1. Based on this model, can you work out whether Ala671 counts as over 18 Å from Trp253 (Cα atoms) and touching a His at 6+ places or on another chain (Cβ under 9 Å)?
2. Can you report the number of residues in the range 30-89 which are of a type in the set (D, E, K, R), farther than 19 Å from Glu334 by Cβ and without any contact (Cβ under 8 Å) to a residue 12 or more places away in the chain?
3. Which members of the range 349-364 meet the condition of being in contact with a helix residue (DSSP H, G or I) (Cβ under 7 Å, 6 or more places away or on another chain) and more than 9 Å from the ligand (Cβ to nearest atom)?
4. Residue check: is Ile436 surrounded by 20 or more Cβ atoms within 10 Å (Cβ to Cβ) and over 30 Å from Glu311 (Cβ atoms)?
5. Look through the range 381-399, keep the residues that are touching a strand residue (DSSP E or B) at 6+ places or on another chain (Cβ under 7 Å) and away from the ligand (no atom under 13 Å from the Cβ), and return whichever of them is farthest from Pro72 (Cα to Cα).
6. Identify the residue in the range 93-114 that is without any contact (Cβ under 8 Å) to a residue 40 or more places away in the chain and in contact with a helix residue (DSSP H, G or I) (Cβ under 8 Å, 6 or more places away or on another chain) and, among all such residues, is nearest to the ligand (Cβ to nearest atom).
7. Given the criterion part of a helix (DSSP H, G or I) and in contact with a Gly (Cβ under 6 Å, 6 or more places away or on another chain), identify the matching residue among Leu361, Leu324, Leu356.
8. How many residues does the range 611-631 hold that are assigned to a loop (DSSP other than H, G, I, E, B) and surrounded by 17 or more Cβ atoms within 10 Å (Cβ to Cβ)?
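The values are calculated or read from the model by the stated rules, or taken from the named source; none is laboratory data. As the structure is a computational prediction, the values presented were derived from the model and not from experiment. Here the Cβ positions follow ideal geometry from the backbone for every residue, glycine too, while neighbour counts run over all protein chains shown.
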Amino acid sequence: MDMKNTPSEKNEKLDQLDQFKTDNHNEKMTTNQGLKVNNNQDSLKTDERGATLLEDFILREKITQFDHERIPERVVHARGSGAHGVFKLTKSMGQFTKAGFLNEVGKETPVFVRFSTVAGSRGSTDLARDVRGFSVKFYTEEGNYDLVANNIPVFFIQDAIKFPDLVHAVKPEADHEIPQASSAHDTFWDFISLMPESMHMIMWLMSDRAIPRSYRMMEGFGVHSFKFINDEGKVHFVKFHFKPKLGVHSVAWNEAQKISGVDPDFHRRDLWDAIDNGAFPEWDFGVQLVPEENEFDFDFDLLDATKIIPEEVVPVEIIGTLTLNRNPDNFFAETEQVAFHPGHIVPGIDFSNDPLLQGRLFSYTDTQLSRLGSPNFHEIPINKSLNTVHNNNRDGHMRQQIAKGKVNYEPNSIGGGCPFQAMMKEGGFTSHSERISGSKIRARSQSFVDHYSQAKMFFNSQAAHEKTHLENALVFELSKVKTTSIRERMVGQLAFIDMTLAENVAGKLGVKVTRLEMPNQSIPADADPSTLQSEEREPKTQVSEALSMKNTVKDTIESRIIGFIMANGAASENTLSLKNILESEGAVVQIISNDVAPFTSDNGNAIVPHHSITSTASVCFDALYICPGEESIQEFVKPGNKHIVVDFINEAYKHCKAVYFGEGTDEIYNATLVSTGKHDDPAIITAEKPDADDLFIKAIAGHRVWEFEKERNMMA
Ligand code: HDE
């Protein structure tokens, strides 16, 4: 496999972490005090059958530590997976920002990234329909910079004050704590149907973006407008983007639900295995820049987090590459204890006045206090900045740093005035100075009032199959809603986005489409409704190509998992040659047999299967190859085995995957739904097709033949 972007020889963060690592290999067991332990099997007792003594400090220490092992999970984004990596700058942003890590082309900055779902608990499934977190901690020479991003570029709400309401609504319902990791329930849709500002986000959430094939195949967005500040103090608004080199891909919803049962750690495992195998996930890092003086050039407000800047209006400039190339050593120490905060910034980057961002700036430190238990969480190795901390902040639970001397205040003369404040030219951070005038007011800007036009733009930009999936997702979610009035109100919302969508959904829910004269919850009760009622506007950009995942397909099969179905007597020549071709293109071949006992191929070689067909499922593979070999096929079509292999292939077929039937596999082919399908389906490959191997590779690179979905499922 192509081992690109091998971990840099030098990664200062990893070197720093090394100082905290321990390895038990060849060591004697000790207590927490370093005392060697002689017996870790029996507690201290009055005699062999007697009561245990309170004196047993070894027992007490062990049990006490265990009793306190758990810490509170994150109030949102509890379920996550992390990895180390490197950010390499490919284009200098020196003209726009003085941030050191964005100035010198070729500069490498160590990073730690944590991906997450939002609603589920720590142990919940990876494949929930949900937003994914994409948090990046850049360990820069000027301090830590955190880009706490999501895989969706907009948000549900415009103002942070609504965040607790949103999260309460989506989390399991308060009385019976049901459902886990799912938005398909009454309280979520009750809230959403009353929040027109969430409609754009809802379009994204109901799209397949919310069920990614892999963390490695999703985008990341900073969501808010931030500011770049250059040496002269000139300001540009900036939106951040991560674009995966493997393209943006999803699974089918039916598949997601099955993966949740078969392998709830699917995304976590996929990330871990890819990095372990040297298939390092990579993203292009890009920016959309808007000079400060052009702030008001748009038909939406740059400070409104429910809007994107369409890429047709401001293109994304690619400025660097993010590569993840090392798995953590310890999940708790690194992935669980890492603490992100959008307020961790460096000179050259500043906040905008987006009211959602402003609220976040308070929340993240606050939440770490209850989660990690102390304001000293910055001293946990994964959170430590590369440069040593020098200030007069002191003490508190679990303080690690030993600050020398008697001086812990400033100004001081006894300590020679240290630590000194840094001048700007020495890297001292100064907030960008912005002239603000106005009166104190608890209200929302008129410029935030259009809630539907970008929802329309998103829906209009989807390919036909993407629209169908989005519609089906709405039907699924709202079918789980028990309160009819909520279903009706939600359909009324959809009518502002697309009437056909609303009617199709309504038809399947058994409700009527009534366009709403609805109160907009973001409007204060005593505001003049004629000025603030949500407007129905046509989007200026009708269709944005960047919004359809279909347009992100890349010509690569790297890291795709291909299942080879084979047993005793499988034809070794064809199988090996295809395996070699696929692996040389970076794919991963896994052998599936009737059981996991080693078998022999037709040339007498012993083969050890990765899976038995009953211990895995077709949803865990990107494509299938039914290997040739008469004896092997006979093993699979034996009574008792046949329906298992047929169901396995049928499922892959229904999920629009590439399926390749080797020579002489007709008996299986004929028993599957595949035999009843259209012959021009490019992802069904049979051995007699010219260039069958190439066609298979092309089909895998295309990810799925969604355009044949209806056809493939009609046969079911
Ligand atoms: Fe977060 N969010 N958030 N959020 N968020 C948290 O901080 C919050 C928002 C995001 O991998 C919490 O450390 C408020 C937008 C990610 O550790 C908490 C608001 C975006 C993660 C918090 C938002 C995010 C979090 C919980 C509305 C995309 C996971 C644990 C004003 C740009 C970080 C924690 C990780 C986590 C608050 C909205 C992304 C409670 C108040 C918008 C990726 O502080």
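1. Numbers: over 18 Å from Trp253 (Cα atoms): yes; touching a His at 6+ places or on another chain (Cβ under 9 Å): yes.
Considered against the rule, which asks whether it is over 18 Å from Trp253 (Cα atoms) and touching a His at 6+ places or on another chain (Cβ under 9 Å), Ala671 comes out as yes.
2. If we filter the range 30-89 for residues that are of a type in the set (D, E, K, R), which is where we start, we get 36, 42, 45, 47-49, 55-56, 60-62, 67, 69-70, 73-74, 79, 88.
Applying the additional criterion that residues be farther than 19 Å from Glu334 by Cβ yields 36, 42, 45, 47-49, 55-56, 60-62, 67, 88.
Those still in the list that are without any contact (Cβ under 8 Å) to a residue 12 or more places away in the chain too: 36, 42, 45, 47-49, 55, 60, 62, 67.
So the answer is 10.
3. Taking the range 349-364 first, the residues in contact with a helix residue (DSSP H, G or I) (Cβ under 7 Å, 6 or more places away or on another chain) are 351, 355-356, 358-360.
Hit for the range 349-364 is Phe351, nothing else.
4. Details: surrounded by 20 or more Cβ atoms within 10 Å (Cβ to Cβ): no; over 30 Å from Glu311 (Cβ atoms): yes.
So Ile436 does not fit the description; no.
5. As a first pass, look at the range 381-399 and keep what is touching a strand residue (DSSP E or B) at 6+ places or on another chain (Cβ under 7 Å): 382, 385-387.
Remaining after also requiring away from the ligand (no atom under 13 Å from the Cβ): 385-387.
Details: Ser385: 24, Leu386: 27, Asn387: 29 Å.
Among residues in the range 381-399 that are touching a strand residue (DSSP E or B) at 6+ places or on another chain (Cβ under 7 Å) and away from the ligand (no atom under 13 Å from the Cβ), the one farthest from Pro72 (Cα to Cα) is Asn387.
6. From the range 93-114, those without any contact (Cβ under 8 Å) to a residue 40 or more places away in the chain are 103-107, 109; that's our starting set.
After this cut, where a residue has to be in contact with a helix residue (DSSP H, G or I) (Cβ under 8 Å, 6 or more places away or on another chain) as well, the list is 107, 109.
Details: Lys107: 25, Thr109: 18 Å.
Only one residue tops the list, namely Thr109.
7. Details: Leu324 fails: part of a helix (DSSP H, G or I); Leu356 fails: in contact with a Gly (Cβ under 6 Å, 6 or more places away or on another chain).
Result: Leu361 is the single residue among Leu361, Leu324, Leu356 that is part of a helix (DSSP H, G or I) and in contact with a Gly (Cβ under 6 Å, 6 or more places away or on another chain).
8. Restricting attention to the range 611-631, the residues satisfying the condition of being assigned to a loop (DSSP other than H, G, I, E, B) are 613-617, 621-622, 627-629.
Now narrow it down to the ones that are surrounded by 17 or more Cβ atoms within 10 Å (Cβ to Cβ): 613, 616-617, 621-622, 627-629.
Total satisfying the criteria: 8.
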